[in-house]
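Undergrad: Quick one: structure below, then a few questions.
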Amino acid sequence: MSRLEKLVLATNNPDKMKEMKAVFRIRGLIVLGLDNFPEVGEIEETGTTLLENSFLKAHAVHIITGLPAIADDTGLEVDALNGAPGVFSARYAGEKATYDDNVNKLLLDMRSVADDSRTARFRTVSSFTDGIRELWTEGIIEGEITREAIGAGGFGFDPVFKLLQNGKTFAEMTETEKNKISHRGIALRKMQELLKNTFKE
């Protein structure tokens, strides 16, 4: 059994929390969300890269809770937009943007981009800190931006990101199907293996 007993997933986003809890499981480890620690509040993401933002959140949550913490940051990188929205994905249409606001802005910005130039990728960086050790992993999945929202599931840019490997948007897939192949799932499974190896008795 892992020497870790409790670990905090450092996100206030309920959709991201649900995905993280579905993927990240280590025997003997109690995984907590920030709903258990209202004193944490919102953590400002001031980093210029996904890695910086991920560690910024993990460090803040560890300092406040005193527990090991895992955080991640995810960006949608669109080639026709020179990698945008990238680190600004969650606030692409503004600081208070909804999922729909961001999707609509992306589709508008891509309206004149040809079908064969709509390539993009989701990139997730996951980080861990316990005050002594710092670890990070990355998950990437390739796709393309559709011309309209397709599917009723998922969140964020999921309805307009079509995977190259199966021709479906994330919003057309079940939670289980998505978690098996998604960028976040890849990064978290890598982290899970690192922690199993690092903290095994």
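The values are calculated or read from the model by the stated rules, or taken from the named source; none is laboratory data. Just so you know, these numbers come straight off a predicted model, no measurement behind them. Every residue, glycine among them, receives a Cβ derived from its backbone with ideal geometry; neighbour counts consider all protein chains shown. Heads up: the accessible areas ignore ligands, DNA and RNA and are worked out on the full protein's heavy atoms, side chains in. Shrake-Rupley method; radii C 1.70, N 1.55, O 1.52, S 1.80 Å.
Undergrad: For GLY139, all conditions in the list (1) touching a helix residue (DSSP H, G or I) at 6+ places or on another chain (Cβ under 7 Å); (2) surrounded by fewer than 21 Cβ atoms within 10 Å (Cβ to Cβ) hold save one; what is the number of the exception?
TA: So GLY139 meets the others, but not (2).
Undergrad: Would you please name the residue that is modelled with the lowest pLDDT, looking only at residues in segment 17-68 that are acidic (Asp, Glu) and open to solvent by 30 Å² or more (accessible area, probe 1.4 Å)?
TA: First, the residues of segment 17-68 that are acidic (Asp, Glu): 19, 35, 39, 42, 44-45, 52.
Next, only the ones that are open to solvent by 30 Å² or more (accessible area, probe 1.4 Å) stay: 35, 39, 42, 44-45, 52.
Details: ASP35: 88, GLU39: 90, GLU42: 83, GLU44: 86, GLU45: 87, GLU52: 97.
Looking at residues that are acidic (Asp, Glu) and open to solvent by 30 Å² or more (accessible area, probe 1.4 Å), I get GLU42.
Undergrad: So ASP72 fits all but one of (1) part of a loop (DSSP other than H, G, I, E, B); (2) in contact with a Leu (Cβ under 9 Å, 6 or more places away or on another chain); what number is the exception?
TA: Answer for ASP72: the failing condition is (1).
Undergrad: Six or more apart or on different chains, Cβ atoms under 7 Å: show the pairs whose first residue is in segment 87-106 and within 13 Å of GLY156 (Cβ to Cβ) and at pLDDT 95 or above and whose second is of a type in the set (Val, Ile, Thr) and assigned to a helix (DSSP H, G or I).
TA: VAL103/VAL160; LEU106/VAL160
Undergrad: Just give me the residues in segment 123-136 being open to solvent by 10 Å² or more (accessible area, probe 1.4 Å) and under 14 Å from the mean Cα position of the chain (by Cα), in sequence order. Working first, answer last.
TA: Applying the first criterion (open to solvent by 10 Å² or more (accessible area, probe 1.4 Å)) to segment 123-136 yields 123, 130-136.
Residues satisfying the conditions are ARG123, TRP136.
Undergrad: Could you please tell me which pairs satisfy a Cβ distance under 7 Å, a separation of 6+ or placement on different chains, a first residue in segment 32-45 that is in a loop (DSSP other than H, G, I, E, B), and a second residue that is open to solvent by 60 Å² or more (accessible area, probe 1.4 Å)?
TA: Every condition considered, the pairs that remain are PHE37/ILE64; GLU39/ILE64; VAL40/ILE64; GLU42/ASN12.
Undergrad: For GLY131, only one of the following conditions fails: (1) more than 30 Å from HIS59 (Cα to Cα); (2) of a type in the set (Gly, Ala, Ser); (3) in a loop (DSSP other than H, G, I, E, B). What is its number?
TA: (1)
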